[in-house]
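K.L.:
Provided herewith is a single structure, encoded as structure tokens, for subsequent inquiry.
Throughout, read-outs are computed from the coordinates displayed, never taken from laboratory work. On a predicted model such as this, the values are computed, not experimentally measured, just so you know. For neighbour counting, all protein chains shown are included, and Cβ atoms are generated from backbone atoms with ideal geometry for every residue, glycine included.
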Amino acid sequence: MIRVKHFMADCQIDDGQRLWVESIGLTRDLQEMCQVHHVLSHLGPPMKLWLWYESHPDGWEHFRSKYHAHLSSGPYVGALKELAAAAMHEEFTFLHQNDNPHRNAAIALAEFVAELHNQPGKV
């Protein structure tokens with residue numbers, strides 16, 4: 001299962017591996033304080049798109065569409081398919097920094113991964 005949380009939210013025993021999935025990096029101090037197991041900034045949206053969404057929070061559908069298109073044509077589709085399969089048996093928590101708990105890069109990535117699992121032949 002994949003969960004999504006703000007990186008400052010309390011760690012829970014069922015979080016499993018806590019993965020930072022934002023485009024920006026994370027300092028070692030914050031990684032330790034927030035118990036981040038892996039920093040996967042390369043899975044975040046392109047910086048230009050990330051910055052656009054930060055200044056246009058009402059543009060969720062545009063952001064999500066562009067980000068999913070980026071992921072679909074990127075080099076990590078295979079790894080994301082493997083993550084989707086692993087999430088059937090393991091716990092993962094995608095961590096984000098956005099103030100909106102329902103519209104952020106981690107949610108968009110989790111939706112993309114879920115779509116990969118539900119339609120394994122389509123990308």
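K.L.:
Sequence-distant or interchain residues sharing an amide H contact under 5 Å with PHE94, placed H: which?
P.N.:
Close amide H contacts, sequence-distant or interchain: ARG3, VAL4, LYS5, LEU19.
K.L.:
Another question, if that's okay. Could you check the spin-label model distance between ASN118 and GLN12? Points 7 Å from the Cα along Cα→Cβ, value in nm.
P.N.:
2.2 nm
K.L.:
For the chain, report the % of Cα-Cα distances exceeding 23 Å. If you can, show how the numbers build up before the last one.
P.N.:
Working: 1982 of 7503 pairs.
Distances greater than 23 Å cover 26 percent of the Cα pairs.
K.L.:
With a sphere of radius 12 Å drawn around the Cβ of ASP15, what net charge do the other residues whose Cβ falls strictly inside it have (Lys, Arg +1; Asp, Glu -1)?
P.N.:
Working: positive: ARG3, LYS5, ARG18; negative: ASP10, ASP14, GLU90, GLU91.
Around ASP15, the surrounding residues sum to -1.
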